[in-house]
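Everything below concerns the one structure shown next.
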Amino acid sequence: MTDSTESTFVVWFTGISGAGKSTIARIVEERLRQKGLPVHNLDGDDIRHGLNRDLGFSDADRAENIRRVGELARLFNYAGMIVLVAAISPFRVGRDDARALVEPGRFVEVHVDTPIEIAEQRDVKGLYQKARSGQLLNFTGIDSPYESPVHPEIRIDSSFVTAEDAADEVLRVLEAMGLV
């Protein structure tokens with residue numbers, strides 16, 4: 001790697017839809033930017049509507065979606081950016097493959113964990129209701145699995161903490177790891 005990667009890292013927020021990944025990532029992004037750090041947030045929904053709009057929700061398409069997101073994170077990271085990724089990324093192997101693209105010690109997996117009942121209450125798009133009625137197939141947590149991380153660097157139970165407090169915890173861990 002070149003010198004441009006010495007101060008960069010990837011924070012990968014994973015969890016079911018409605019857990020709070022994107023909200024927490026946006027707060028972390030803003031706080032890192034306030035510190036004058038070069039940061040870019042790759043949100044799974046945004047990428048699905050653009051670069052990955054050709055992909056569906058089969059297991060193979062989900063794997064390809066996360067492979068592409070991992071490659072994007074690697075490229076931004078290599079260009080000298082701190083990269084935040086907020087994506088369901090339901091399969092461990094996909095997250096492990098993304099981790100392998102980054103220098104050891106520079107990938108921070110954040111499991112934004114919440115019970116599905118709470119995620120459903122937060123669902124402003126009505127996706128869980130559509131999935132439960134059969135209108136939306138292969139929805140993570142309903143008829144498609146979510147494989148929780150085994151050893152994430154950070155685990156946040158977003159049913160008990162605010163997004164601001166969760167962002168504070170992420171930043172505390174990044175500081176403890178010597179990344180910021």
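Here are a few things to note about the model shown:
- Karplus 3J(HN,Hα) series, Hz, for the stretch 117-122 with 6.51 cos²θ - 1.76 cosθ + 1.60 (x for Gly, Pro): 4, 6, 4, 5, 5, 8
- Per-residue 3J(HN,Hα) values for the stretch 71-83, derived from phi via the Karplus relation 6.51 cos²θ - 1.76 cosθ + 1.60 with θ = phi - 60°, read 5, 4, 4, 4, 5, 4, 4, 5, 7, x, 9, 7, 10 Hz in sequence order (x marks Gly and Pro).
- Per-residue 3J(HN,Hα) values for the stretch 102-116, derived from phi via the Karplus relation 6.51 cos²θ - 1.76 cosθ + 1.60 with θ = phi - 60°, read 10, 3, x, x, 10, 10, 10, 8, 10, 8, 8, 9, 7, x, 4 Hz in sequence order (x marks Gly and Pro).
- Helix-only arithmetic for the chain: the sum of -39500 (n - 2.57) across DSSP H runs with n ≥ 4, divided by the residue total, places the mean residue ellipticity at 222 nm at -12500 deg cm²/dmol.
- Highest-fluctuation residue, GLY141, GLY50, GLY105 considered, GNM on the chain with Cα pairs under 10 Å: GLY50
- Here's how it looks for PHE107: its modeled amide H is under 5 Å from those of VAL10, which are all 5 or more places away or on a different chain.
- If you run the Gaussian network model on the chain, springs between alpha carbon atoms under 10 Å, then out of GLY15, GLY36, GLY44 the most flexible one is GLY36.
- Among 72-81, 117-126, sorting by the average number of other beta carbon atoms lying within 10 angstrom of each residue, highest first, gives 72-81, 117-126.
- Between SER144 and PHE139, the built amide H atoms are under 5 Å apart, and every one of these is 5 or more places off in sequence or on another chain.
- Compactness of the chain, taken as the C-alpha radius of gyration over 2.2 N^0.38 Å, stands at 0.99.
- Alpha-carbon centroid distance for the pair the stretch 163-177 / the stretch 89-160, whole angstrom: 19 Å
Values quoted throughout were computed directly from the atomic coordinates according to the rules given, and no laboratory measurement underlies them. Everything quoted here is computed from the prediction, not taken from an experiment. Note that we place each Cβ from the backbone using ideal geometry, even for glycine, and neighbour counts take in every protein chain shown.
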